[in-house]
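Asks: Below is one structure. I have some questions about it.
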Amino acid sequence: MSTPLEHDYIGLAETSSMERSSEKISSSSSSSIPSNIEDKTTNNPSLNLKETELRLGLPGSQSPERKLSLFGKDLETNDKSNGFVGSPLKNLVSGAKRGFSDAIDGSNGKWVFAINGKSDVELGKGAVLASPRGGLDSKTNPQQVRTSVPVMKEVVGVPQSPKPVQDKKNLVPPVNEHTSAPAAKAQVVGWPPIRSFRKNSMASNLAKNSDEAAGCLYVKVSMDGAPYLRKVDLKTYNNYREFSSALEKMFSCFTIGQCGSNGDGLSESRLMDLLHGSEYVLTYEDKDGDWMLVGDVPWEMFTDSCRRLRIMKGSEAIGLGIPY
Amino acid sequence: MAYSFPDEVLEHVFSFIQSDKDRNAVSLVCKSWYEIERWCRRKVFIGNCYAVSPRMVIRRFPEVRSIKLKGKPHFADFNLVPDGWGGYVLPWIAEMAGAYPWLEEIRLKRMVVTDESLELIAKSFKNFKVLVLFSCEGFSTDGLAAIAASCKNLRELDLRESEVDDLSGHWLAHFPETCTSLVSLNISCLRSDEVSFSALERLVGRCPNLRSLRLNRAVTLDKIANILRRAPQLVDFGTGYYAAELQPDVFSNLAGAFSSCKELKSLSGFWDVVPAYLPALYSICPRLTSLNLSYATIQSPDLIKLVSHCPRLQRLLVLDYVEDSGLEELASSCKDLQELRVFPSDPFGAEPNVSLTEQGLVAVSLGCPKLRSVLYFCRRMSNAALVTIAQNRPNLTRFRLCIIEPKTPDYLTLEPLDVGFGAIVEHCKDLSRLSLSGLLTDHVFEYIGTYGKKLEMLSVAFAGDSDLGLHHVLSGCESLRKLEIRDCPFGDKALLANAAKLETMRSLWMSSCAVSFGACKLLGQKMPKLNVEVIDETEPPDSRPESCPVDKLYIYRSVAGPRFDMPPFVWTMDEAVRILH
């Protein structure tokens, strides 16, 4: 185990659907990509998904390929590159505070998440929005999955079969992006024209009365330092990855200096601070009013209990129940 | 030197003129009337907060006591306007804090209100009386606490449908014991499960003039009786959860409390209803003029029973659980009905879950001679039904029909619904608001342009074939103030040909249409009195060819020029063709 092993926790290359990674990382197979994601990857060849991979390296090891990035986006690219495809990940290297076993419980598709106390500039950081998949998804090379599993086992003692992806199917909320949306048909934004207040009220009524999926579930997302907050409909995403990618899109403008004219626009020095300094952590407030790290629970459990979200500075997230 | 009346006399006469329109007309008569009028105008209504700047308002009307402001476009209600677009009230409050120390009333709709704004209000206006935040957002209960604590003469606090960061129910306790002036309190939008009920009870108990009280979900059914007994003078009441295990003593307590409210005319709330408790309302039903059951998931038979006890009903909001049978009952029992709104219980389901069709609406149109205002969600419609409705009810002034599946044709003939909506605009000569749905071609717009002379607001979705449709509307609808369009094949031609019309309207919204960036720039360049805003969350419009359509477009007239509080995804087309960002 002397070489850092690459484990793709984004689930970029699930055995069932090798979407985005197929463009960027040498892929062995590919399957249909949801059209919107596909467009973005083809338009933006500079996105390097590799850097968003969560690497299981030993403390102190580095991934030289990583470039400086925020939210996994190359800063060299101009603002044209919109929504980042794939999630930025914390590097688990260098004294990861989070128990690795916590981070990758493949059996129920947990979100991989970590707060890195030490900042590793060269390795690039982004918001700690990690993959929903258990992290045992193969990248593009199924071979790799199989080889990685035993290693994982050693490290984390997570009992896994060699093909965790398939096994998880019945345990994990559907992660496959081209699964169709739940029973209701694909929804057009803002149609039928029903106010959010009413939609949210109905959602909670339905949730109380039955297990039907309500039409939508808007929660607020705030980001420390951003001039305003956003609302997202959790029901439009099927998994953590889609969700984190959407959040990327929404909040990248705050960090990549796209907002210049507002009073709250980031100055260059502030931007550099973000790059080199603190990391972001995605947290949510649950039904009981407690603030939790996103990714601990299966996606559906998360959408059921999430009341609102906050992208907070890593430094503030200490004490959110991280074991070390 | 022939003077007319002395100024004081004119002022006195003007004080009887309350409507904005009339006041505006008065101010146009001559310079001296303009001057007198502007010094004695006490109420200002600004339909678009970006149409004018706070300074301009203050400069012209130095003695305002009451202001009403609207911010985001209507389609923001359906999440079509991205967060952060704008509509901030703080700059207004900041200016008014200095200029209007005697401001008494602030009414806001679709604006972003922060705790800072609320604190500033609390601090700045010593005689503050009325705060209405309709569909606003951006503030928390901390801001409300500031208002409660500082506003000694607060009469109205109405948060209807706003999004409040509900940090704690204790803000209610910030109303001092000396506060006895409340007339209206609407906290129905607060979502937290904790509400300081004892504080609420005490507050209600010490405000003898309280006429309107709308509680939030957290208030359980068993608490209602206590509240009502403290405020038997209520005219309008909104319950919390209207659900509990049926217990005879709770029931009789509740029924007794309701019956002691001799003035009660309007009910709402009813989150989560247990039908067995509805009869507790029977004693007041004969007096009820307004009933909002649109959050109550009760089925048709229970609804029918309730409604049949309410012969005086003028306004009913209900879910489609009411079904055609319920609406038929409504049509026979409630001859005073003026407004009906039927909301979908399962809007995203693929199949209908209730038996509500066009028949229900036809029945109501036939049976309720005073019906003026309709909002109706359903899954099928026919031209025949629409023609019947139009002929039955030429007195309709607001007709909003939402057929849930876009582009649904007449279910009988499979034709577009042009003729049906055409009949509506033709027969309902006073129609001021119309929302279209279903399969529609350019023809419907021809009808609208020809007949919709009093139409002030039109909402269009998934309709039309070509620019001709838009052209009919812009060239024909003389009274048009607000036009909102989504997912229609309307492009540059009609817009540019009718550019002048846009200055006579408050605003135009177009999203997912076919208006090119080049046309937007041209419009911005040629029409200095319009703000042309392009909204695109994915990439800047100038990163693509000019002929590419813009994602969202919002055009509004303004004397304040382009605004500067735009977020990164909004670009204003400036007259100098600088793209301001």
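Asks: What does the extension gain come out to for B:ASP336 and B:LYS529, with contour length at 0.36 nm per residue minus their alpha carbon separation?
Replies: On the way: separation 193, 0.36 × 193 = 69.48 nm, distance 4.48 nm.
Separation in residues times 0.36 nm, less the Cα-Cα distance, equals 65.0 nm.
Asks: Run the simple label-point estimate for B:LYS126 and B:LYS21 please: 7 Å along Cα→C-beta, distance reported in nm.
Replies: 3.9 nm
Asks: What spacing in nm lies between the two simple spin-label points modelled at B:SER543 and B:PHE45, each 7 Å away from Cα in the Cβ direction?
Replies: The modelled label-to-label distance comes out at 4.2 nm.
Asks: OK, next. Need the per-residue list for the stretch B:371-404: every residue with at least 40 Å² less accessible surface in the complex of protein chains than in the chain by itself, probe 1.4 Å, sorted by number.
Replies: Residues meeting the cut-off: B:PHE377.
Asks: Tell me the total accessible area that B and A bury against each other, 1.4 angstrom probe, in square angstrom rounded to 100.
Replies: Details: alone 24250 and 14870 Å², together 34800 Å².
The summed interface area works out to 4300 Å².
Asks: Determine the share of the stretch B:1-120's accessible area contributed by carbon and sulfur atoms, expressed in whole percent, with a 1.4 angstrom probe.
Replies: On the way: 3450 of 5870 Å².
Taking all protein chains in place, the stretch B:1-120 shows 59 percent carbon and sulfur surface.
Asks: At a Förster radius of 35 Å, what calculated FRET efficiency corresponds to the Cβ-Cβ distance of B:SER252 and B:THR180, to the nearest 0.05? Don't jump to the answer; show the numbers that get you there.
Replies: Numbers: r = 31 Å, r/R0 = 0.88.
Computed FRET efficiency for B:SER252 and B:THR180 comes out at 0.70.
Asks: Beyond 18 Å between alpha-carbons counts as too far, so tell me which of B:LYS501/B:LYS552; B:LYS265/B:LYS335; B:LYS453/B:LYS482; B:LYS454/B:LYS526; A:LYS199/B:LYS305 fall in that bin.
Replies: Values: B:LYS501/B:LYS552 20 Å; B:LYS265/B:LYS335 16 Å; B:LYS453/B:LYS482 14 Å; B:LYS454/B:LYS526 28 Å; A:LYS199/B:LYS305 27 Å.
Beyond 18 Å: B:LYS501/B:LYS552; B:LYS454/B:LYS526; A:LYS199/B:LYS305.
Asks: Right, another one. Counting pairs of alpha carbon atoms under 8 Å apart in space and at least six apart in sequence, what relative contact order in percent does chain B give?
Replies: Relative contact order of chain B: 6 percent.
Asks: In debye, nearest 20, what is the charge dipole magnitude of the stretch B:340-495 about its Cα centre with +1 on Lys and Arg Cβ and -1 on Asp and Glu Cβ, if you could check? Spell out each step's value before the answer.
Replies: Numbers: 17 positive and 18 negative charges, 167 e Å.
With Lys and Arg at +1 and Asp and Glu at -1, about 800 debye.
Asks: Compute the accessible area per residue over chain B, keeping the other protein chains in place, probe 1.4 Å, unit Å².
Replies: Values: 22140 Å² over 581 residues.
Normalised by residue count, the accessible surface of chain B is 38 Å².
Asks: Only Cα pairs under 8 Å and at least 6 apart count here; give the relative contact order of the stretch B:470-581 as a rounded whole percent. All intermediate terms of the calculation are to be shown ahead of the outcome.
Replies: Details: 223 pairs, mean separation 30.2, N = 112.
It rounds to 27 percent for the stretch B:470-581.
Asks: Follow-up question, since we're still on this one. Can you give the charge dipole size of chain B about its Cα centre, rounded to the nearest 20 debye, using +1 on the beta carbon of Lys and Arg and -1 on the beta carbon of Asp and Glu? Could you put the intermediate results ahead of the total?
Replies: Working: 66 positive and 71 negative charges, 452 e Å.
Magnitude of the dipole: close to 2180 debye.
Asks: Then there is this: Count, for each residue of A:196-203, the Cβ atoms from other chains sitting within 10 Å of its Cβ, then give me the mean as a whole number. Kindly include the intermediate steps, with their values, before the conclusion.
Replies: Details: counts 8, 10, 8, 4, 2, 7, 10, 0.
Whole-number average of other-chain Cβ neighbours for A:196-203 is 6.
Asks: I would also like to ask the following. In nm, what is the difference between 0.36 nm times the number of residues separating B:GLU503 and B:LYS262 and their Cα-Cα distance?
Replies: Working: separation 241, 0.36 × 241 = 86.76 nm, distance 4.99 nm.
Full-extension gain reported as 81.8 nm.
Asks: Roughly what % of DSSP beta bridges within chain B run antiparallel, to the nearest 5?
Replies: Antiparallel bridges make up about 20 percent of those DSSP assigns within chain B.
Asks: Can you give the FRET efficiency to the nearest 0.05 for B:TYR34 and B:SER479, using r as the Cβ-Cβ distance and R₀ = 30 Å? Spell out each step's value before the answer.
Replies: Values: r = 25 Å, r/R0 = 0.84.
Calculated transfer efficiency: 0.75.
Asks: Something else now. Given R₀ = 25 Å, what would the calculated FRET efficiency be for B:ALA560 paired with B:TRP102, taking r from the Cβ atoms and rounding to 0.05?
Replies: Numbers: r = 25 Å, r/R0 = 0.99.
Result of the calculation: an efficiency of 0.50.
Asks: Rank-order B:493-505, B:434-446 by packing density, defined as the average count of other C-beta atoms within 10 Å over each peptide's residues, highest first. Each step should come with its number before you reach the end.
Replies: Values: B:493-505: 17.1, B:434-446: 23.4.
Averaged packing, sorted descending, gives the order B:434-446, B:493-505.
The values are calculated or read from the model by the stated rules, or taken from the named source; none is laboratory data. From a predicted model like this one, the values you see are computed outputs, not experimental measurements. No Cβ is skipped: glycine too gets one built from the backbone with ideal geometry, and neighbour counts run over all protein chains shown. Side chains are part of the model used for accessible areas, which takes the heavy atoms of the whole protein and leaves out ligands, DNA and RNA. Shrake-Rupley method; radii C 1.70, N 1.55, O 1.52, S 1.80 Å.
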